[in-house]
Amino acid sequence: MRIFKAVHSPWLLILIPIFASGQSERLRGFLTRDAAAERVLESRAQALPDTTNLRKYLNFLAGAPHYAGSPRSKASAEYIAALLRRWGLDTEIERFDVVMPYPTVRRLEVVGPKRYVARLKEPPVPEDPDSTDLYQLPTYNAYGATGEARAEVVYANFGVPEDYDWLAKQGIDVKGKIVLTRYGKSWRGIKPKVAEEHGALACLIYSDPHEDGYYEGDVYPKGPMRPPDGVQRGSVLDMTLYPGDPTTPGWASDRDARRLPLSEAKTVMKIPVLPISYADAEPILAQLAGPLVPRDWRGALPVTYHAGPGAAVVHIKTDYDWTVKPVFDVIATIPGGAVPDQWVLAGNHHDAWVNGADDPVSGVVALLETARSLSTLQKTGWKPKRTIKFAFWDAEEFGLIGSTEWVEKHQDELRQKAVAYLNSDNTGRGWLNVGGSHTLEEFVTEVADSLLQPGTNASLAQYAVHHPSPAETEPPNAKDGTFALSALGAGSDFQGFLDYLGIASLNEGFEGQTKSGIYHSVYDSIFWYSHFSDSSQVDGRALAQFTATALLRLSNCSLLPFEFGRFVRTVGRYADEVQRAAEVGGHKLDLSGIRRQLEVLENTSQNYEALLEVTVAKPALHPVRLEEFNRKLIETERALTRPEGLPNRPWYKHQIYAPGFYTGYAVKTLPGIREAVEMKDWKLAQQQAATVEHCLEDMNVVVSEATSQMSGL
Ligand SMILES: [Zn+2]
């Protein structure tokens, strides 16, 4: 952990005035007159989340395996719904029927030279009572193909395209072979996809101790890291094409829904895939011949890492129960008073691979306390201006299914009404990390500045800018010494809202001090979470307070708190990056159209801010015109989408943020241009630049219309 330096940092000069003088007078989107009352309301809400409750919900929800489609997942939904109803919230459970495979056959053996039968099982740990729970879902990768193969093995490192370039240089072809890859660097679904593209017969994905095992720390139960037989389950659905039920792309999986035949579902893998532990991977790696792999391909197992092919020959066989299974989303509503047709939403998934104390229950319990806090305010007669919806999604783990189907079902209404979507998922110990739409960066900073980091006198924002972002692939929290949002790629339920519908979205959680090697294993349990993560639940409580505050502000403010200057600067940086990348590739990309639009937006944004200053000083605003103004502001994020979507993946409509086609989790900003540049398709890159220019032009029209509307408020 870095030392907290309080005196010489430049940001303090910026933040102290906001903190000291701004507390009561200024609150983005609120009339000066209303700000103090809002602060009072917020502090009432912030006093309500309770660590005892967080622990109580955690004990129930993580007390048994509750994978999507299981009776226990339905029981989780019913438990959550019962709590929300007890608190007086209008709550319903929405069911979808989706194709989710459960494993029926999983066989893996090294046929020779030295025979080894893989265990494919995570043994119980005496200290952890949940490690012996019944109904654990076996270790597998959902949406790998039913099939069988027997072939020599090639080790392909992280299994991303450039790894195959190195293999090709050695004259190694994976065609007709079984590829062994390791977890890390890319989202897991990329690995079998790329293996399949190169003609491999099957793909194994193992957890090398270098990434989250003994190389990183003591293994469970002595420490938090992955023990030898620990396995990372997970979906390999090709979500870079589209998430959700693979047989209903773009429409809801209702019980009687039209469905593609499974054989036509493009997101299902065509080759068998299995995740394995490092105990099961070692006998394969130890028997590989062929060239020594490069230094950065080597893991931490006590073997010499060779690329193969051979001498190891492996036999793999997989089969699944591919039937349609029910999933249950829980939706609770606090109806708005003045503007019920503008919605602010917050969600977290409730399904887990096994017990899931960390993923997702730590986030579920925080959101439940947020809901309880706001319902408590509601009972005292408070009514938000706008409608607030809480969502607890099912089947996120299989491919963001519960949220995607819900978004697809309610898409027309959401396009019209949704102001913003706040997502959370697993949350640990550390500091606040938020990713999302940069039009909300100013807003998020202000919210994060109005709450204290547990155990310190620093605000959440101040504390976070002093700490690096835990994910190496993401930009640091602190850009120019101020709190900043990372861009959203993939990995949780915000995708349907942001990527498909163009609803401004955030993803929030605490991280940085929790080390974890139990991801998607049976060891993601109450015992693990209480010993190695947010054991006192104080960071969970801070997350509940943060979400409650953000929801209160978004639902109560007079003028929605979008801001465009930070967006302009961020997109400008993205443009610089892709331009440099093209230059490195030997091409001069013309982004002058984008730059022109950003310049216009920068100017409009300055006028907007100046006018906002005058407007919030008024004693009152015209309610009808105000509603029209806010409706206009909602359109700003929608303007960044195109109905035809990104090249080759029409489901992805947002033109500024998307998960990378070959990176998965990691975001690609200006994805259409950037991926064309990476492929050196200069014509496509230029076309995509024109598309982004048109999006920004549309956004400029909307923002300048909003600015003129503001003068009439
Ligand atoms: Zn999760």
Of all residues in the range 200-235 being open to solvent by less than 10 Å² (accessible area, probe 1.4 Å) and of a type in the set (S, T, N, Q), the one that is nearest to residue 121 (Cα to Cα): 207
Qualifying positions in the range 128-143 - polar (S, T, N, Q), open to solvent by less than 10 Å² (accessible area, probe 1.4 Å) and in a loop (DSSP other than H, G, I, E, B): 139
Do we find that residue 496 is within 16 Å of the ligand (Cβ to nearest atom) and in contact (Cβ under 8 Å) with a residue 12 or more places away in the chain in this structure? yes
Restricting the range 434-469 to residues that are open to solvent by less than 20 Å² (accessible area, probe 1.4 Å) and more than 15 Å from residue 482 (Cβ to Cβ), which is farthest from the ligand (Cβ to nearest atom)? 439
How do the helices (runs of 4 or more DSSP H) wholly within the range 530-645 filter down when requiring 1 or more residues that are free of Cβ contacts under 8 Å to residues at least 24 places away in the same chain: which remain? 565-584, 592-616, 623-638
List the pairs whose first member sits in the range 133-157 and is under 26 Å from residue 306 (Cβ atoms), whose second member is of a type in the set (Gly, Ala, Ser) and outside any strand (DSSP E or B), and whose Cβ atoms are under 6 Å apart, counting only residues at least 6 apart or on separate chains? 152/310; 153/308; 153/312; 154/308; 155/307; 155/308
In this structure, is residue 120 on the phi > 0 side of the Ramachandran plot and surrounded by 14 or more Cβ atoms within 10 Å (Cβ to Cβ)? yes
Exactly one of 111, 105, 99 is farther than 30 Å from residue 264 by Cβ and among the β-branched types (Val, Ile, Thr), and that one is 111
Is it true that some residue in the range 22-37 is open to solvent by less than 30 Å² (accessible area, probe 1.4 Å), in a helix (DSSP H, G or I), modelled with pLDDT of 50 or more and out of contact with any Cys (no Cβ under 6 Å at 6 or more places or on another chain)? yes
What's the number of the condition residue 282 fails, among (1) under 30 Å from residue 381 (Cβ atoms); (2) part of a helix (DSSP H, G or I); (3) open to solvent by 50 Å² or more (accessible area, probe 1.4 Å)? (1)
May I ask you to list the residues in the range 421-430 that are more than 28 Å from residue 500 (Cβ to Cβ) and either open to solvent by 10 Å² or more (accessible area, probe 1.4 Å) or out of contact with any strand residue (DSSP E or B) (no Cβ under 7 Å at 6 or more places or on another chain) (or both)? 429
For the range 650-690, give me each residue that is under 27 Å from the mean Cα position of the chain (by Cα), at pLDDT 95 or above and surrounded by fewer than 19 Cβ atoms within 10 Å (Cβ to Cβ). 650
With respect to residue 502, is the statement that it is in a loop (DSSP other than H, G, I, E, B), under 19 Å from the mean Cα position of the chain (by Cα) and at pLDDT 95 or above true? yes
Checking the structure you have, find out if any residue of the range 382-396 is in a helix (DSSP H, G or I), within 16 Å of the ligand (Cβ to nearest atom) and of a type outside the set (A, V, I, L, M). yes
So which residues in the range 370-383 are of a type outside the set (Lys, Arg), touching a residue at least 60 places away in the same chain (Cβ under 8 Å) and surrounded by fewer than 24 Cβ atoms within 10 Å (Cβ to Cβ)? 375, 376, 377, 378, 382
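Looking only at the range 161-210, count every residue that is among the acidic types (Asp, Glu) and closer than 14 Å to residue 275 by Cβ and tell me the total.
First, pick out the residues of the range 161-210 that are among the acidic types (Asp, Glu): 162-163, 165, 173, 196-197, 208.
Pick out the ones that are also closer than 14 Å to residue 275 by Cβ and you get 208.
Selection size over the range 161-210: 1.
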Exactly one condition in (1) assigned to a helix (DSSP H, G or I); (2) more than 11 Å from the ligand (Cβ to nearest atom); (3) open to solvent by 10 Å² or more (accessible area, probe 1.4 Å); (4) not hydroxyl-bearing (Ser, Thr, Tyr) is not met by residue 414; state its number. (3)
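From the residues in the range 505-528 that are in a helix (DSSP H, G or I) and surrounded by fewer than 24 Cβ atoms within 10 Å (Cβ to Cβ), which one is nearest to the ligand (Cβ to nearest atom)? Before you say what the answer is, go through the steps one by one.
Initially, the range 505-528 is screened for residues in a helix (DSSP H, G or I), giving 526-528.
Next, only the ones that are surrounded by fewer than 24 Cβ atoms within 10 Å (Cβ to Cβ) stay: 526-527.
Working: 526: 16, 527: 19 Å.
It comes out as 526.
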Evaluate the following for residue 639: is it under 19 Å from residue 29 (Cβ atoms), at pLDDT 95 or above, assigned by TED's automatic domain parsing to the domain that holds residue 704 and among the aliphatic types (A, V, I, L, M)? no
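In the range 477-487, which residue that is open to solvent by less than 10 Å² (accessible area, probe 1.4 Å) and either in contact with a His (Cβ under 6 Å, 6 or more places away or on another chain) or at pLDDT 90 or above (or both) is nearest to the ligand (Cβ to nearest atom)?
Here the residue is 485.
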Out of 44, 55, 85, report the one residue that is out of contact with any strand residue (DSSP E or B) (no Cβ under 6 Å at 6 or more places or on another chain), over 21 Å from residue 549 (Cα atoms) and basic (Lys, Arg). 55
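The values are calculated or read from the model by the stated rules, or taken from the named source; none is laboratory data. This is a predicted model, so every value here is computed, not measured. Heads up, the Cβs are rebuilt from the backbone with ideal geometry, glycines too, and the neighbour counts pull from every protein chain shown. Heavy atoms of the whole protein, side chains included, go into the accessibility calculation; ligands, DNA and RNA do not. Shrake-Rupley method; radii C 1.70, N 1.55, O 1.52, S 1.80 Å.
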